[in-house]
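Scroll down for the structure; my scribbles are underneath it.
All of the numbers you see were taken from the coordinates with simple rules; none came from a lab. What you see is a predicted model; the values in this text were computed from it and never measured. Cβ sites come from the backbone with ideal geometry, for glycine too, and all protein chains shown count toward neighbours.
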Amino acid sequence: MKNLFIIANWKSNKTTQEAKEWFEKSLEFRVQSLENKEIIICPSFTVMSQVKQFTKHYQLPFKLGAQDISAFDEGSYTGDVNGKQIKEFAEYVIVGHSERRNNNKEDDLILEKKVLKAKEYGLNVIYCVRSMDDIIPKNVFLVAYEPVFAIGTGTPDTPENADAVSKELKQKYHIKNVLYGGSVTSTNVNSFTTLPHIDGVLVGKASLNLLEFSNIIQNA
Ligand code: PGA
């Protein structure tokens with residue numbers, strides 16, 4: 001059985017109350033076998049502390065990830081959250097998501113700086129690429145292949161293509177683990193995770209609903 005990463009990217013969703021409700025429904029996780037599955041929840045910074053407490057309270061073996069990291073250290077960078085602050089709560093950080101590339105104009109240079117900052121603070125990077133054309137900085141070991149046409153559209157990439165891209169990324173950059181992301185659901189998840197070069201999934205919309213996310217974990 002290969003090891004799988006199952007990552008929930010909540011994006012800009014959930015108040016504290018909504019995050020609380022998500023965890024309150026989580027009893028079923030306890031009976032699931034998660035032996036080969038690393039579950040990582042990436043909430044907004046505003047609920048990070050609470051999510052950390054909830055995972056403890058409900059004894060869930062989930063790790064936490066941030067959705068972004070400052071390219072700078074602590075200091076006069078209004079609105080930024082730096083690696084030292086993130087490290088208090090999380091072990092992972094998403095860098096290079098296409099929504100940040102598009103909406104926040106994050107380019108290769110800034111993304112490389114973010115990767116360096118993450119490394120400096122001992123955070124594991126989940127580096128997102130839209131295709132083989134995106135450059136992956138050095139020292140990235142976990143990549144998510146997320147074609148833009150598949151994100152939030154209900155139209156995922158074909159598992160065959162996702163597997164072929166994952167294989168190519170591994171060969172080109174010597175990357176250990178490549179995940180697939182884009183319209184993953186409990187129905188299609190195992191068409192991706194059973195393929196040889198795909199080591200898990202990055203889930204957006206379908207992770208917002210606990211039951212659906214729980215089914216994704218089970219079916220992966
Ligand atoms: P989606 O988003 O699952 O809603 O398509 C995936 C992502 O953007 O990480």
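Determine the sum of side-chain charges near GLY181: Lys and Arg each +1, Asp and Glu each -1, restricted to other residues whose C-beta is under 13 angstrom from that of GLY181. It would help to have the intermediate numbers written out before the result.
Working: positive: LYS11, ARG130, LYS205; negative: GLU99, GLU146, ASP157, ASP199.
Around GLY181, the surrounding residues sum to -1.
Between the stretch 72-139 and the stretch 170-220, how far is it from one alpha carbon centroid to the other, in angstrom?
21 Å
Once label points are set 7 Å from the Cα along Cα→Cβ at both ASN102 and LYS56, what is their separation, rounded to one decimal in nm?
Here the answer is 3.8 nm between the modelled labels.
What is the spin-label model distance, in nm, from ASP80 to GLU21 if the labels are put 7 Å beyond Cα along the C-beta direction?
With each label placed 7 Å out from Cα toward Cβ, I get 3.6 nm.
Report ³J(HN,Hα) in whole Hz for each residue of the stretch 62-68, in order, from the Karplus equation J = 6.51 cos²θ - 1.76 cosθ + 1.60 where θ = phi - 60°; Gly and Pro get x.
Using θ = phi - 60°, the values come out as 8, 9, 10, x, 9, 8, 6 Hz.
Only four residue types carry charge here, +1 at the Cβ of Lys and Arg and -1 at the Cβ of Asp and Glu. Report the dipole size of the chain about the Cα centre in Debye, rounded to the nearest 20. Please list the in-between numbers first.
Numbers: 26 positive and 27 negative charges, 74 e Å.
I would put it at about 360 debye.
Near the amide H of PHE72, under 5 Å away, which other amide H atoms are found, from residues 5 or more places off or on another chain, if H is placed in the peptide plane?
none
Please report the net charge: other residues with Cβ closer than 12 Å to the Cβ of LEU195, K and R +1, D and E -1. Kindly include the intermediate steps, with their values, before the conclusion.
Numbers: positive: LYS2, LYS167; negative: ASP157, GLU160, ASP163, ASP199.
Result for the neighbourhood of LEU195: -2.
Tell me, what ³J(HN,Hα) does each residue in the stretch 40-46 have, in order and in whole Hz, if you take phi through Karplus 6.51 cos²θ - 1.76 cosθ + 1.60 with θ = phi - 60° and put x for Gly and Pro?
After applying 6.51 cos²θ - 1.76 cosθ + 1.60, I find 10, 9, 10, x, 5, 4, 5 Hz.
Using modelled backbone amide H atoms (1.01 Å from N, in-plane), which distant-in-sequence or interchain residues come within less than 5 Å of SER44's amide H?
Answer set, sorted by chain and number: ASN13.
Amide H of ILE126: which non-local residues (sequence gap of 5 or more, or other chain) have their own amide H closer than 5 Å, using H built in the peptide plane?
Close amide H contacts, sequence-distant or interchain: VAL93, ILE94, VAL95.
Using the Cα centre of the stretch 52-152 as origin and beta-carbon charges of +1 (Lys, Arg) and -1 (Asp, Glu), tell me which of GLN59, VAL95, GLN85 is placed farthest towards the positive end of the dipole.
Going by the charge dipole, the pick is GLN59.
What does the charge add up to near LYS138, with Lys and Arg as +1, Asp and Glu as -1, over the other residues with Cβ less than 15 Å from its Cβ? Mind dumping the intermediate values first?
Details: positive: LYS113, LYS114, LYS117, LYS119, LYS172, LYS176; negative: ASP108, GLU112, GLU120, ASP134.
Net of charged neighbours comes to +2.
Can you compute 3J(HN,Hα) from phi for each residue in the stretch 114-121, using the Karplus curve 6.51 cos²θ - 1.76 cosθ + 1.60 with θ = phi - 60°, rounded to whole Hz and x for Gly and Pro?
Calculated HN-Hα couplings, in order: 5, 4, 4, 5, 4, 4, 4, 9 Hz.
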